[in-house]
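What follows is a single structure, written as C-alpha cells, with notes after it.
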Amino acid sequence: MCDTYNLDILIKRLIDSLKKNNIDALYFSNRKEAVDQILNLIPEGSSVAYGGSLTIDELGLKEIFKKGNYNFIDRGKANIRADEMFALRRESLLADFFVCSTNALTLDGELVNIDGVGNRVAALAFGPRKVIVVTGINKIVENLDKALERIRNKVAPIHARRRGRKVPCAYSGFCSDCRSPERICNIISIIKYQRERGRLLVIIIGEALGL
C-alpha cells in the first residue's frame, strides 16, 4: 500500500478515481463484511466462475459457492484433464458472475493484471455479465509504473515459485523477461475505463490479502 497516504484519504481518492473511470467501488474494513456483501450481490441459482487468486481462497469464497445454491464452474476439481480445463475456462466467460482479484490497483483507478493463460484478464475485459474484483489494501499502488514493478518483481516470482515453475524469476526473485515455456506473465491487462457502467465492481478490503 502507498505508505505516504492516510488510509481514509487514500480510499476516498481511490474510489473517486474508479468512479471517474466508470467502475463501481465499495470499501469494507474487514473481510467478513466484504464476503457478506458479495453474497448479497449474487442471487442463488446464478452461474458463478472465478479467476485463480489467493485472495479468493483466503476469503473462502470457492467453498461457499461449492456448498451454496449456485451453478459453480469449478476448475479446481481433482485429476481434471487438459481438455476439461479448457472447456471450463471457456464456460467461465459466459457466467452470470465472475469473481477474481487484481494484481495491482493504482490511485488513478486502473486495474493492472498479468496472466499466463489469459482466461482471467479475458473475463475482466469481456464475457461475464458481472465481474466482482476483490482486493486487499496491500495491492494499492501509486501509479502504473509501480503496479508493473510490483507484479514483475514481487507477485510473479512468488507465484512461479509456489507453482514449481522453472523460470528465472522463481530463483532470482525479479523479472528477466524470459522466454521460458513455463513463463506465467504472458499477457498484461490494464483496465483504464469501463464502458458499461455496473459491469465491474471493485471491492476493497481494509486488510492485506493475497500477494
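Structure above, values below:
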read-out	value
Near pairs, Cβ below 7 angstrom, 6+ apart or cross-chain, from region 8-30 (within 15 Å of E207 (Cβ to Cβ)) to any residue that is modelled with pLDDT under 95	L10/C2
Selection count, region 96-124, where residues are charged (D, E, K, R) and either at pLDDT below 95 or in a helix (DSSP H, G or I) (or both)	2
Count of region 71-85 residues which are touching a Gly at 6+ places or on another chain (Cβ under 8 Å) and surrounded by fewer than 10 Cβ atoms within 10 Å (Cβ to Cβ)	0
Scan of region 148-168 for residues that are modelled with pLDDT of 90 or more and either touching a strand residue (DSSP E or B) at 6+ places or on another chain (Cβ under 6 Å) or part of a loop (DSSP other than H, G, I, E, B) (or both), ordered by number	R150, I151
G76 in contact (Cβ under 8 Å) with a residue 24 or more places away in the chain and more than 29 Å from E149 (Cα to Cα)	no
From the options R75, R89, residue that is touching a helix residue (DSSP H, G or I) at 6+ places or on another chain (Cβ under 8 Å), under 21 Å from R129 (Cβ atoms), assigned to a loop (DSSP other than H, G, I, E, B) and of a type in the set (K, R)	R75
Residue list for region 97-119, restricted to those being aliphatic (A, V, I, L, M), surrounded by 24 or more Cβ atoms within 10 Å (Cβ to Cβ) and more than 19 Å from I158 (Cα to Cα)	V99, L111
Matching residues in region 98-124 - criterion: being in contact (Cβ under 8 Å) with a residue 60 or more places away in the chain, touching a strand residue (DSSP E or B) at 6+ places or on another chain (Cβ under 7 Å), within 22 Å of F72 (Cβ to Cβ) and not basic (K, R)	V99, S101, T102, D115, G118, V121, A123, L124
Count of region 169-193 residues which are in a loop (DSSP other than H, G, I, E, B) and either modelled with pLDDT of 95 or more or in contact with a Pro (Cβ under 8 Å, 6 or more places away or on another chain) (or both)	8
Pick from region 120-129, criterion buried (at least 22 other Cβ atoms within 10 Å of the Cβ) and not aliphatic (A, V, I, L, M), ranking: nearest to R179 (Cα to Cα)	R120
Some residue of region 84-93 being closer than 25 Å to K32 by Cβ and either modelled with pLDDT of 95 or more or not aliphatic (A, V, I, L, M) (or both)	no
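Yes/no matrix, rows are residues, columns are (1) at positive phi; (2) touching a residue at least 24 places away in the same chain (Cβ under 8 Å); (3) of a type in the set (G, A, S):
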| site | (1), (2), (3) |
| --- | --- |
| I140 | no, yes, no |
| K146 | no, yes, no |
| A156 | no, yes, yes |
| K166 | no, no, no |
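The values are calculated or read from the model by the stated rules, or taken from the named source; none is laboratory data. Just so it is clear, the structure is predicted and the values come from calculations on it, not from any experiment. We place every Cβ from the backbone using ideal geometry, glycine too, and count neighbours over all the protein chains shown.
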